[in-house]
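The values are calculated or read from the model by the stated rules, or taken from the named source; none is laboratory data. From a predicted model like this one, the values you see are computed outputs, not experimental measurements. Every residue, glycine among them, receives a Cβ derived from its backbone with ideal geometry; neighbour counts consider all protein chains shown.
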Amino acid sequence: MNRRFSPGTALRGTLVPPADKSLSHRAALLGAMSATPVHVSNFLDAADTRSSLAAARALGARVEQRAGGLLISGPGLRGARPGVAIDVGNAGTLLRLLPGWLAGQPEGGRWSLDGDASIRRRPVDRVARPLREMGAELEAREGRFTPLEISARSLRGIEYVLPVASAQIKSCLLLAGLLADGTTTVVEPEPSRDHTERLLARAGAGISRDGDRITIGQREDLRLETIDVPGDPSSAAFLAAAAVLVPGSRLTITGMAANWTRVGFFHILERMGAGLTGTLEQRDSASPDSEPLCELELAHGPVAGTRVTAEEVPLAIDELPLVALLGCFAEGETLVEGAQELRVKESDRIATVVDGLRGLGADIEATADGFAVRGTGGLRGGRMEAHGDHRLALLGAVAGLASREGVEVVGMEAAGVSYPGFAADLAALIR
């Protein structure tokens, strides 16, 4: 489906972002792993998260629609139904977290994980390698791609230093650690989103953090009662960027997660000079077990170029394409480095962002681990291909709103993976 986004109309009003995708994935899995039924409020209804609910059902969970949300009654930590083939769809988070739970199930269980064409290009070796060190048995196509075959084995705890900061790999190993003999420690090179740790702390998993080291031990069970999913900062970021770039705009965002591991983009936006008011969670040495909320206000205004370093990348990984777009309108140069992880997303987001924005008139070039943008004051517009990537589809939409001539997004339906209500939310803000 192609859709044209025309320039010039200010965004005004209040946005309640869609439910957080990362936390919805984890709610589905941790709900299924809990020994008690879990009530999940504000679960995201999107293509990716429906894949996680379908996986939970396939593995033995009952998912019921109740007043105010979902009730997930799962098979428990060690009761995943064996012999199941699971289609993860386009959900990379599901693909990388689920092996951590399945690998340590009682011996004799076997599962197969596969997905769409995009998933079949995304490597799984970065979770398979440490899981094998724990004693897991996994087989992957060409050693690193789906289909991924998992056979249950007894696991042992290890200490593992992540080669790159990744919340998905970290979460996979922490889930495996719940089933492994001894303790499992994951060492992060940089902080990454910590939703899994917060949920595990609430579930009584005995998880602890010491600086960059997260440790968990074997548990008999998990016990959660409720999970309240806040608004998604990654989805809110697109309309926030539009408010900053489109003249006359003034936007209030409410109900959004303020978790410090998720709001890196908003700090970058502030640094670029955007008018932003509101309170975001600050980094703390403590290990919280809840998700804070915030209300932000943004308005149109000039922005300046900035440098995004490798340390900031994990805290803004999904919003870095927007940094490139903002850089097109900024005074000076914008440089993003240390973001090689973008190459293994739903598309090679370094290549697709650079090619897409260049086609709209941007002065941008790719680097080995990011991109450099020279601000020219704006974009001409034109046509942008989403490449089946939801973030690229949303990027093209925002580029169209801020450009001189508008943008036709080819494959806009990809936005349904994370933000199926984008068009409706946008229409409500430009009425």
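So that you can scan it fast, the table gives a plain yes or no per residue for (1) within 29 Å of GLU413 (Cα to Cα); (2) buried (at least 21 other Cβ atoms within 10 Å of the Cβ):
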position: MET33; (1), (2): no, yes
position: PRO37; (1), (2): no, no
position: ALA46; (1), (2): yes, yes
position: ARG66; (1), (2): yes, no
position: GLY79; (1), (2): no, no
position: GLY83; (1), (2): no, no
position: LEU97; (1), (2): yes, yes
position: ARG120; (1), (2): yes, no
position: GLU137; (1), (2): no, no
Notebook entry, point to check: Residue check: is THR215 in contact (Cβ under 8 Å) with a residue 24 or more places away in the chain, outside the structural domain of ARG78 (by TED's automatic domain parsing), assigned to a strand (DSSP E or B) and surrounded by fewer than 22 Cβ atoms within 10 Å (Cβ to Cβ)?
Noted result: no
Next item on the list: Answer with yes or no whether LEU23 is touching a His at 6+ places or on another chain (Cβ under 6 Å), outside any strand (DSSP E or B), touching a residue at least 60 places away in the same chain (Cβ under 8 Å) and crowded, with 24+ Cβ neighbours inside 10 Å.
Entry: yes
Check: Which numbered condition trips up GLY204, out of (1) of a type outside the set (Lys, Arg); (2) surrounded by fewer than 24 Cβ atoms within 10 Å (Cβ to Cβ); (3) under 26 Å from LEU44 (Cα atoms); (4) touching a residue at least 24 places away in the same chain (Cβ under 8 Å)?
Finding: (4)
Note to self: Restricting to the stretch 334-389, count the residues that are crowded, with 17+ Cβ neighbours inside 10 Å, among the β-branched types (Val, Ile, Thr) and touching a Pro at 6+ places or on another chain (Cβ under 8 Å).
What the structure shows: 1
Next item on the list: Among the residues of the stretch 218-239, count how many are under 26 Å from PRO17 (Cα atoms) and either surrounded by fewer than 21 Cβ atoms within 10 Å (Cβ to Cβ) or of a type outside the set (Gly, Ala, Ser) (or both).
Entry: 11
Check: Of all helices (runs of 4 or more DSSP H) completely enclosed by the stretch 220-332, which ones contain at least 2 residues that are over 30 Å from GLY74 (Cα atoms) and free of Cβ contacts under 8 Å to residues at least 60 places away in the same chain?
Finding: 264-271, 320-329
Note to self: What's the total number of residues in the stretch 202-229 that are under 17 Å from LEU97 (Cβ atoms) and of a type in the set (Gly, Ala, Ser)?
What the structure shows: 2
